[in-house]
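Single-structure report; data block below.
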Amino acid sequence: MKPRHCLIIAGAAAALAFFAGCGKENESGAAHDDHDHAEHSGDEAGQSVSFKEGRGLRLSPEVIRALAVKTEEATEHPLAAELSVSAQIIAASPRIIATARVPEADAAALEKASPAGAKLLRADRSATQATRFVDLVFEVALPPPSAPPPATGSFVTLALTGAPATVLAVPRSAVLETAAGPFVYVVNGDAFLRTPVRTGSRSSSLVEIADGLYAGDVVAVSPVEQLWLAELRLTKGGGHSH
């Protein structure tokens with residue numbers, strides 16, 4: 001897929017020095033702490049990186065080039081969900097039973113259509129609110145008589161390919177997965193605004209956006225983790241501009 005809007009590479013030592021320290025900050029993904037200052041600036045980058053509530057993370061052109069920030073429009077695509085789940089055998093006789101812990105969005109797809117060679121028995125969401133994962137229990141098809149049965153404790157791979165459907169989608173690299181849920185960075189004027197989304201089906205390259213974006217919205221496709229860490233640093237540990 002060829003991006004319609006791309007912001008390409010160069011170098012800016014001060015900006016890179018600022019981002020080099022971002023990995024040490026809190027990575028909870030939660031919104032920043034409330035305080036009296038609506039705007040923050042990264043002094044290490046010559047105030048070329050700033051954050052303002054409601055506007056988002058603003059980067060100077062030099063920082064954008066240094067980070068090789070790339071953007072792309074959210075558009076409709078034909079998407080066939082592709083899932084590969086590693087499940088652990090917990091019982092091998094008389095039926096083969098396996099369990100797998102999968103992201104919430106993947107669980108929704110697996111509840112609509114079982115993977116080849118397996119049948120979904122139940123989905124346990126007792127820990128989903130805290131973990132964003134769902135525990136699934138499958139009955140796995142018996143192997144042919146010539147093959148030995150899987151041993152308890154071993155793992156099997158369950159694959160699912162759904163029917164294609166035209167959906168609003170973005171590249172997988174655009175979706176930031178956090179403990180607070182999935183987000184994308186939407187281009188908001190001269191800033192990048194972290195926006196919560198609800199994801200749906202996934203393929204090897206695309207993620208369906210079921211809610212949170214409109215067709216034509218421009219989102220950052222890389223490097224979203226660096227944008228997130230920069231936002232965290234500015235709002236939780238960076239200097240304040242007055």
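Each row is one residue, and each column tells you yes or no for (1) out of contact with any helix residue (DSSP H, G or I) (no Cβ under 7 Å at 6 or more places or on another chain); (2) of a type outside the set (D, E, K, R).
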| position | (1), (2) |
| --- | --- |
| A105 | yes, yes |
| L121 | yes, yes |
| R132 | no, no |
| P150 | yes, yes |
| T157 | yes, yes |
| F192 | no, yes |
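Among the listed residues A116, A169, A108, which satisfies the condition of being outside the structural domain of R55 (by TED's automatic domain parsing) and either surrounded by 14 or more Cβ atoms within 10 Å (Cβ to Cβ) or in contact with an Asp or Glu (Cβ under 9 Å, 6 or more places away or on another chain) (or both)? Explain how you work it out, then say what you get.
On the way: A116 fails: either surrounded by 14 or more Cβ atoms within 10 Å (Cβ to Cβ) or in contact with an Asp or Glu (Cβ under 9 Å, 6 or more places away or on another chain) (or both); A169 fails: outside the structural domain of R55 (by TED's automatic domain parsing).
One residue alone meets the criteria, A108.
If we scan the stretch 142-154, do we find a residue that is touching a residue at least 12 places away in the same chain (Cβ under 8 Å), touching a strand residue (DSSP E or B) at 6+ places or on another chain (Cβ under 7 Å), in a strand (DSSP E or B) and in the same structural domain as S86 (by TED's automatic domain parsing)?
No: the stretch 142-154 contains no residue that is touching a residue at least 12 places away in the same chain (Cβ under 8 Å), touching a strand residue (DSSP E or B) at 6+ places or on another chain (Cβ under 7 Å), in a strand (DSSP E or B) and in the same structural domain as S86 (by TED's automatic domain parsing).
Considering only the stretch 212-221, I want to know if a residue exists there that is over 14 Å from the mean Cα position of the chain (by Cα) and at pLDDT below 90.
Within the stretch 212-221, none of the residues are over 14 Å from the mean Cα position of the chain (by Cα) and at pLDDT below 90.
Of the residues S50, S86, which is assigned to a strand (DSSP E or B), polar (S, T, N, Q), in contact with a Gly (Cβ under 9 Å, 6 or more places away or on another chain) and on the phi < 0 side of the Ramachandran plot? So that I can check it myself, show each step before the final result.
Values: S86 fails: in contact with a Gly (Cβ under 9 Å, 6 or more places away or on another chain).
So the residue among S50, S86 that is assigned to a strand (DSSP E or B), polar (S, T, N, Q), in contact with a Gly (Cβ under 9 Å, 6 or more places away or on another chain) and on the phi < 0 side of the Ramachandran plot is S50.
Please go through the stretch 92-136 and pick out each residue that is part of a loop (DSSP other than H, G, I, E, B), of a type in the set (S, T, N, Q) and farther than 20 Å from T157 by Cβ. First the steps, then the outcome.
Our first condition is that a residue be part of a loop (DSSP other than H, G, I, E, B); within the stretch 92-136, this holds for 92-95, 113-117, 125-127, 132.
This time we only want the ones that are of a type in the set (S, T, N, Q), so: 93, 114, 126.
Residues satisfying the conditions are S93, S126.
Any residue at all in the stretch 143-156 that is buried (at least 21 other Cβ atoms within 10 Å of the Cβ) and over 15 Å from V224 (Cα atoms)?
Keep residues of the stretch 143-156 that are buried (at least 21 other Cβ atoms within 10 Å of the Cβ), which gives none.
No, the stretch 143-156 contains no residue that is buried (at least 21 other Cβ atoms within 10 Å of the Cβ) and over 15 Å from V224 (Cα atoms).
Have a look at E62, E73, E44 and point out the one that is surrounded by 14 or more Cβ atoms within 10 Å (Cβ to Cβ), modelled with pLDDT under 80 and of a type in the set (D, E). Talk me through it step by step, then tell me what you get.
Numbers: E62 fails: modelled with pLDDT under 80; E73 fails: modelled with pLDDT under 80.
Among E62, E73, E44, only E44 is surrounded by 14 or more Cβ atoms within 10 Å (Cβ to Cβ), modelled with pLDDT under 80 and of a type in the set (D, E).
Output the number of residues of the stretch 84-105 satisfying the condition of being buried (at least 20 other Cβ atoms within 10 Å of the Cβ) and either outside the structural domain of P150 (by TED's automatic domain parsing) or in contact with a Lys or Arg (Cβ under 9 Å, 6 or more places away or on another chain) (or both).
Summing the residues that are buried (at least 20 other Cβ atoms within 10 Å of the Cβ) and either outside the structural domain of P150 (by TED's automatic domain parsing) or in contact with a Lys or Arg (Cβ under 9 Å, 6 or more places away or on another chain) (or both) in the stretch 84-105 gives 1.
If a residue must be closer than 16 Å to Q226 by Cα and either charged (D, E, K, R) or in contact with a strand residue (DSSP E or B) (Cβ under 8 Å, 6 or more places away or on another chain) (or both), how many such residues does the stretch 61-76 contain? Show your work before the answer.
Residues of the stretch 61-76 closer than 16 Å to Q226 by Cα: 61-71.
From the residues that got through so far, the ones that are either charged (D, E, K, R) or in contact with a strand residue (DSSP E or B) (Cβ under 8 Å, 6 or more places away or on another chain) (or both) too are 62-63, 65, 67-71.
Adding up the residues that qualify gives 8.
Restricting to the stretch 129-150, count the residues that are modelled with pLDDT of 90 or more and over 11 Å from I97 (Cα atoms).
3
The values are calculated or read from the model by the stated rules, or taken from the named source; none is laboratory data. As the structure is a prediction and not an experimental result, all values here were calculated from the model. Glycine gets a Cβ as well: all are built from the backbone with ideal geometry, and neighbour counts include every protein chain shown.
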